[in-house]
Structures are given as structure tokens and as C-alpha cells.
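For reference, the structure is listed below as C-alpha cells.
Just so it is clear, none of the values below were taken in a lab; they were calculated from the coordinates. Here the structure is a predicted model, which means the values were calculated and not measured. In this analysis, Cβ positions are derived from the backbone assuming ideal geometry, glycine residues included, and neighbour counts consider all displayed protein chains.
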Amino acid sequence: MITIQHISKRFGKLQVLNDVSLTLEGGQCIALIGPNGSGKTTLIKTILGMVVPQSGTLLFKGNPIGRQWEYRRDIGYMPQIGRYPENMTIGQVLDMMQDIRKVPEAALDRELFEVFELHTMLDKRMGTLSGGTRQKVSACLAFMFRPEVLILDEPTAGLDPVATELLKDKILAERNKEKLIVITSHVLSDLDELVTEVVYMQEGRPLFHKSLDALKEETGTDKLGKAIAKVMTNEEPTKGVSV
Amino acid sequence: MNKIIKYVIADLLRSRAILVYAVVLFVLAGSVFSIEDNADKGVVSLLNIILFVVPLVSIIFSTVYLYNSAEFIELLVSQPLKRKTIWLSIFTGLAGTMALAFLIGVGIPIVLYSFTPSGMILLLCGTILSVVFVSVAMWAAVRIRDKAKGIGLSILLWLYFALLFDALVLFILFQFSDYPIENGMIAVSMLNPIDISRILILLQVDLSAMMGYTGAIFRNFFGTGWGMAITALVLLLWVAVPAWFSTRFFERRDL
């Protein structure tokens, strides 16, 4: 569904993405993992057209995105830190997004809105919300328009355990609807039950892109966290990354 | 496009700074007119305050607002919207709000005390200046990523237009006082929207007689239909050019 071909991006002297090529297919839940500063968020922003790469092309359903904008109709994005106009209330932010997306009321997916009980605080201003509640609003907005692609940047950061479980259930349900879901997270135990494929990024390039089962088989472990740790120690014995 | 403008304006009208700005202008204009009994003298006194305050507030407030809504802009960019639409909507929203605050704050006293051609020109110039400096702020904010540096640049730009430019012009004027540079002065004044506004209003209140030969040349130029048309065009360019450059830059920028 999304094909990334030889994307490179440099911020000043810093090479953030270095000749990245990936193919992401529908029906998969892909974990994008890697150390801090390995280019995960930049890669996501490139897919969304927020960062313009210096070279390479990105195809969405076979069409190059260039400076297109219509393709973003099919993408739901949950940012790492969702920040909204401080003076707007939750209700107004939701209304605004509905206005922008022009999706009829009946076609909306309000499941997260209900399970997170956002209707009880529609009049609260965004500026007064806690980080977790803001994450809930972001999650709600990402899923609300039933997009075919979901891009979730650290979705569980700041959420309480109950909300985390609710969000994971929702992600699983969407995965079973043949959607493409891309998740980045540092909480590997959260990803274990969700993902089907793993992309491991290091220093701006994907080190490997494998299915979760193949990865577990190769490393002989049953947990994603252990498998990644094992790969890292094998790849770089000199650096001595310990489990 | 209209939707984003609507939300930007709704967000701006809720901010206290805009309200305070309108009230301060209202109080200033009201007190100036109640001190001066001659309406034209009132307009001139008010002119000097407005040419100082309006550009300053427009450029600083807009720059700060743009930096504070960086995340909001990021959110909009991740939605199915054209970048150009987003940027021009924010420009329209900001310019509309600043112009509205000015029109309410100064417009009401002028209509009450000085409903004359010079009063109307003052209102018109103030409105255009608000929009011009919002446009300049958009350019400054999009070019510079760092908030402190960006606000610094917009203060410098204001300083240049409000004070430094006049000092430079005076310097040139004295250096070349032996040469016939009056026509050149008209061209130079076009480089500063604040100067254009000042000349337009001073000519309206017949103070050009005080400005000697240069005043007569100004009168000859700005008094004609052609002169007015060119002046209006130049002021429009002052709105359009920074806005156009900032849009072009925003379309290519990484967020």
C-alpha cells in the first residue's frame, strides 16, 4: 500500500534518513522500532508529507505522493505529542476535524470517543488537559474517519493502563479489517500481541524488515523484546549491548 | 479554506491581547479627540500614535501567534489539506482580526469626532498597515525556526520601518540637499508603507504647505489620480509580496 524508494533526508549536517526503501502492505501491523534518533519519526513525517525528502520517491497505492495532499484522506495519524490550540475545547477540535475531513456523521467511528468517555469533557479547553487526555483525543481523531492506513507514533505513551488496553483492543480490531497499521513504540511488550511485522531502524536506515514469526524463529525466543535484544547483540558485538 | 479561517478567527478573538489592543486604541483615539477641538489636528496627533503602535502590535502579535500555533499548523498539515490553503487561511484570519481590532478601536472615535476625508484616509491606511505587517510577520516567522530569533527579527523589522528608515532618508536628504532629489524622494518613500501612509494623510489635512518645495512635489504626485493609483498598487504589493514569499517557503518547509 505504501512503497518507499531510496528516501534520503538530511537536516543540516545530520543524515536522518539514509537511502530507506520499504514496502508496507495492507492487513499488516508493522512495528517501527529503533534507538532514539534513528529516524522513526522523520520517516513517519515523510510518509505524511510533513517532511520533504532530498531524494527518493514515496508511492501511496501506486501513485507518487510528491506534493499531493488528497492521499492523506486515507491516513489517520496520531502524533507523538498531540498539541492543539489552547483556547479550543475538545468538542470544537472534534468538530473542526469533521469539518476538514467532510465525513458524514453516520460514517464516523466513535468507538474510542465512547470508551474513553470524552463526551463528559467536551467543554474542557485543550490547554487545561493532562498529557494522557490529550493522547486520548489524538487517538480518537486518528481512528474517527475510518482511514485505511493508521500511523501511530508512540500511541501508549502517557496513557493509563486501562486506556492502553482499550487502545490495543481497538488496534487489533482494525488490523483484522485488512488495514495497514504502523506503530512506533519503545514499550516492546505492548507491541508483542499487536504486530505482525517488524522494521528495525538504525542510524537512518532499516536494518531489517521481517515478519514477527520469522524473527522469533531466527532468534529462538518467544518475546519481541528478547528477539530485538538478541539481534542487536549479534549485529554489534563490539558495542556490547546487554539484555 | 473558509473553515480554517473561521477557526483561526474564533481562536484569536478569544485571546485577551486582541481585546486589550482594541480597547487601548479606543481609549487613545477617544482621548486625543476630546483634547483637540479641531478635528484635523486630532487626526494628525492620532496619526503619529497609530503609525507607531499599529505596525508594532501587528508584527509582534502575529509572530508570537504563529510560533505558538506551530503544533496546530503541524496538525493541519497532517490532514488532507493543501499547504497553501493552510498558510493563506492563517494569514487571512490573522489579518482580518488585526484589521477588525483596529477598525473597532479607532473607527468608532473617528466616526464620532472626525467623520472627514482625512479621518477616512487614516482609517484606511491603518487597516492596510495592519495587514502589511501581518504579512511581513508571516514571512519572518516562516523563515526562522527559533522562536526567540524570529521575534527578534520582527522587532528589528519594525524598528527599521518605524525609525531607521526615516533616519536614513534624512541622512540622504542632507547629503544631497544641493541636488534636485524631490522626485527621487517619492520613489524612496514607496519603500516604506509607514511613510506612504504618513504622506497620504498629511496631504489630506493640508499640512503640505509646511513642507516647502518637497511638499509641493508630493502634492503634485499624490494629488493626481495616477499618483493615487500607483500608491494603492504599491501598498497592495506590500501586502502581497511578503505573503507570497512566505507561502512559497512554507510549501517546501519541513515541519
5 angstrom amide H check on A:VAL16, placed H, neighbours 5+ away: A:LYS9, A:ARG10, A:PHE11
Out of B:SER34, B:PHE218, B:GLY152 - ranked by how far each Cα lies towards the positive end of the dipole of segment B:2-252, with unit charges on the beta-carbon of charged residues - the top one is B:GLY152
For segment A:2-235, the dipole about the Cα centre with charges only on Cβ (Lys and Arg +1, Asp and Glu -1), to the nearest 20 debye, works out at 840 debye
Quick one: which residues, 5+ away or cross-chain, put their amide H under 5 Å from the amide H of A:GLY76? H built at 1.01 Å from N. A:VAL149, A:LEU150, A:ILE151
Pick out, from B:THR127, B:PRO80, B:PHE161, the residue whose Cα sits farthest towards the positive end of the charge dipole of segment B:2-252, with +1 on the Cβ of Lys and Arg and -1 on the Cβ of Asp and Glu. B:PRO80
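So for segment A:2-235: antiparallel DSSP bridges make up what percent, rounded to the nearest 5? Intermediate values should be presented prior to the final figure.
Working: 21 of 38 bridges.
Around 55 percent antiparallel, to the nearest 5.
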Under a point-charge model restricted to the Cβ atoms of Lys and Arg (+1) and Asp and Glu (-1), what is the dipole moment magnitude of segment B:100-255 relative to its Cα centre, in debye to the nearest 20? 580 debye
Putting +1 on Lys and Arg Cβ atoms and -1 on Asp and Glu Cβ atoms, find which of B:VAL43, A:PRO104, A:GLN92 reaches farthest to the positive end of the dipole of the protein assembly as shown. B:VAL43
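For segment B:2-252, what's the relative contact order in percent, using C-alpha pairs closer than 8 Å and at least 6 residues apart?
On the way: 244 pairs, mean separation 68.5, N = 251.
Averaging sequence separation for qualifying contacts and normalising by length gives 27 percent for segment B:2-252.
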Could you pull the Cα extents of the protein assembly as shown along its three principal axes, largest to smallest, in whole Å? 95, 51, 38
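Between B:PHE174 and B:LYS147, 0.36 nm times their residue separation minus their Cα-Cα distance comes to what? Intermediate results must be reported in sequence, preceding the final value.
Numbers: separation 27, 0.36 × 27 = 9.72 nm, distance 3.91 nm.
Stretched out fully, the B:PHE174 to B:LYS147 stretch lengthens by 5.8 nm.
Where the only charges are on Cβ atoms (+1 Lys, Arg; -1 Asp, Glu), what is the dipole of the protein assembly as shown about its Cα centre, to the nearest 20 debye? Intermediate values should be presented prior to the final figure.
Details: 47 positive and 46 negative charges, 118 e Å.
It works out to roughly 560 debye.
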What whole number of Å gives the distance from the Cα centroid of segment B:54-91 to the Cα centroid of segment B:6-42? 24 Å
Using a Cα-Cα cut-off of under 22 Å, which lysines could be cross-linked to B:LYS149, ignoring same-chain neighbours fewer than 8 residues away? A:LYS13
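How much net charge surrounds A:ILE33 when only the other residues with a Cβ under 13 Å from the Cβ of A:ILE33 are counted, with Lys and Arg +1 and Asp and Glu -1? Intermediate results must be reported in sequence, preceding the final value.
On the way: positive: A:LYS40, A:LYS210; negative: A:ASP153, A:GLU154, A:ASP190, A:ASP192, A:GLU197.
Cβ neighbours under 13 Å give a net charge of -3.
How big is the antiparallel share of DSSP beta bridges in the protein assembly as shown, given as a percent to the nearest 5? Mind dumping the intermediate values first?
Values: 21 of 38 bridges.
Expressed as a percentage, antiparallel bridges in the protein assembly as shown total about 55.
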For chain B, what is the calculated [θ] at 222 nm in deg cm²/dmol (nearest 500), taking -39500 (n - 2.57) for each run of four or more DSSP H residues and dividing by its residue count? -28000 deg cm²/dmol
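In what sequence do A:MET232, A:MET201, B:MET98 fall when counting other Cβ within 10 Å, fewest first? Kindly include the intermediate steps, with their values, before the conclusion.
Numbers: A:MET232 19, A:MET201 24, B:MET98 28.
Going from sparsest to densest Cβ surroundings: A:MET232, A:MET201, B:MET98.
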Across peptide B:81-90, how many C-beta atoms of other chains are within 10 Å of each residue C-beta, on average? 2
Using every alpha carbon pair in segment B:2-252, what percent of pairs falls into each 10 Å bin from 0 up to the bin containing the largest distance? 7, 29, 33, 21, 8, 1, 0
Quick one: net charge of B:ARG14's neighbours, Cβ under 11 Å, K/R +1, D/E -1? 0
Computed log₁₀ I(q)/I(0) - Debye formula, equal Cα scatterers, no solvent, segment A:45-176, q 0.23 Å⁻¹: -1.51
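Using a 10 Å cut-off around each Cβ, can you sort B:SER114, B:SER189, B:SER62 from fewest to most neighbouring Cβ atoms?
On the way: B:SER114 24, B:SER189 21, B:SER62 27.
Lowest count first: B:SER189, B:SER114, B:SER62.
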Take every DSSP beta bridge whose two residues both sit in segment A:137-238, then give the antiparallel share in percent to the nearest 5. 55 percent
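Exposure proxy check: A:SER211, B:SER69, B:SER197 ranked by fewest other beta carbons within 10 Å?
A:SER211, B:SER69, B:SER197
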